[in-house]
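Please read the structure below before turning to the comments.
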Amino acid sequence: MQGSSTSLNISVKNSAKNLFKKIALGTSLVLAASAIFAPVAQAGDYPYPYQQHRSMTDGSAWWRRDVIGGAPHIIIDISEQRAYFYKGSQLAGISPVATGIAGYRTPTGSFRVSEKDIDHRSNLFGHYVDRAGYVRKASVDVRRDKRPAGTVFRGASMDFFMRINGAVGMHAGKVTGRPESHGCIRLPWHMAKIFYENAPMGTKVTVRQ
């Protein structure tokens, strides 16, 4: 009788161990899947990781902290896809940009920074995501793209946003060397931050072809 009881105890223990192993394996698979699909949940906002950009090392963007004084003035050159930041008559920095594509041309002219929002999101362009935050339909225009059932709209990130003309502003975003925005002026994340910190409200912004 005692032998039977001992065998039963051993069997129960082995079953419990197998159950715990299955739970541990399942948890590992869930965590692994989360790691694999994590970028999906933030797809399209910025290149991943979004703070990195080749201009940080290839010399196409730079900033001179020793340039002080003088009224700030930002010049956006569409043909060059570059932004120039002046303090008075001194050039303080240069950054690559991405301006509007055909049909969404960035307006040219003389403007001023009329609003600043450090963690702005678009109310027109973005992604439809499920309740867990995963992108189910990317790069949508809420005026044209139907929202899939069970999803909500999440506006595209526009960190360091500085409005200059209507819905058009300067902000951090994807920059690859060619026009690709819906009219806004995108800068690499690290340069958008610097421009934002050095351009107070009312800063003059000239956009030229």
*Considering the range 70-113 alone, what residues qualify as being free of Cβ contacts under 8 Å to residues at least 60 places away in the same chain, assigned to a strand (DSSP E or B) and under 21 Å from MET56 (Cβ atoms)?*
ARG82, TYR84, LEU91, ILE94
*Can you pull out the strands (runs of 3 or more DSSP E) entirely within the range 118-209 that have at least 2 residues that are open to solvent by less than 50 Å² (accessible area, probe 1.4 Å) and among the hydroxyl-bearing types (Ser, Thr, Tyr)?*
none
*Would a scan of the range 143-155 turn up a residue that is small (Gly, Ala, Ser) and in contact (Cβ under 8 Å) with a residue 40 or more places away in the chain?*
no
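The values are calculated or read from the model by the stated rules, or taken from the named source; none is laboratory data. Nothing here was measured: the structure is a model prediction, and the numbers come from that model. Cβ: placed from backbone, ideal geometry, glycine included. Neighbour counts: every protein chain shown. Note: areas computed on protein heavy atoms with side chains; ligands, DNA, RNA excluded. Shrake-Rupley method; radii C 1.70, N 1.55, O 1.52, S 1.80 Å.
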